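Comments concern the structure below.
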Amino acid sequence: MKPSDMDDFGFGKQEQFVFKKGIGLNDVEALIEIKTPILMYEGNPVSRRLIPNNLIKEYLRNLK
């Protein structure tokens with residue numbers, strides 16, 4: 001990417017090699033929740049869950 005691409009795509013420069021862009025929750029198509037077991041549970045499989053756009057707000061409300 002060229003520095004001019006930063007403005008074209010709506011990114012702001014945060015640090016030398018770090019660019020940031022805010023997006024709205026409605027722009028997110030889906031979330032992928034990945035749970036990786038640690039410590040004594042390391043032998044268990046990794047679990048993945050797809051949270052579609054219409055359930056993201058409810059998912060975030062129920063996080064503990």
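The values are calculated or read from the model by the stated rules, or taken from the named source; none is laboratory data. If you're wondering where the values come from, they're calculated on a predicted model, not measured in any experiment. Cβ: placed from backbone, ideal geometry, glycine included. Neighbour counts: every protein chain shown. Protein only, heavy atoms only, side chains kept; ligands, DNA and RNA dropped before computing areas. Shrake-Rupley method; radii C 1.70, N 1.55, O 1.52, S 1.80 Å.
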- Message: Looking only at residues that are open to solvent by less than 100 Å² (accessible area, probe 1.4 Å) and in a strand (DSSP E or B) in the stretch 20-44, which one is farthest from LEU60 (Cα to Cα)?
- Response: ILE34
- Any chance the stretch 1-11 includes a residue that's surrounded by 11 or more Cβ atoms within 10 Å (Cβ to Cβ), in a helix (DSSP H, G or I) and touching a residue at least 12 places away in the same chain (Cβ under 8 Å)? yes
- Of all residues in the stretch 12-32, which are among the acidic types (Asp, Glu) and in contact (Cβ under 8 Å) with a residue 24 or more places away in the chain? GLU29
- Task: Determine whether ILE56 is among the β-branched types (Val, Ile, Thr) and either outside any loop (DSSP other than H, G, I, E, B) or surrounded by 11 or more Cβ atoms within 10 Å (Cβ to Cβ) (or both).
- Result: yes
- Query: Out of (1) open to solvent by 60 Å² or more (accessible area, probe 1.4 Å); (2) without any contact (Cβ under 8 Å) to a residue 24 or more places away in the chain, the odd one out for SER47 is which?
  - Reply: (1)
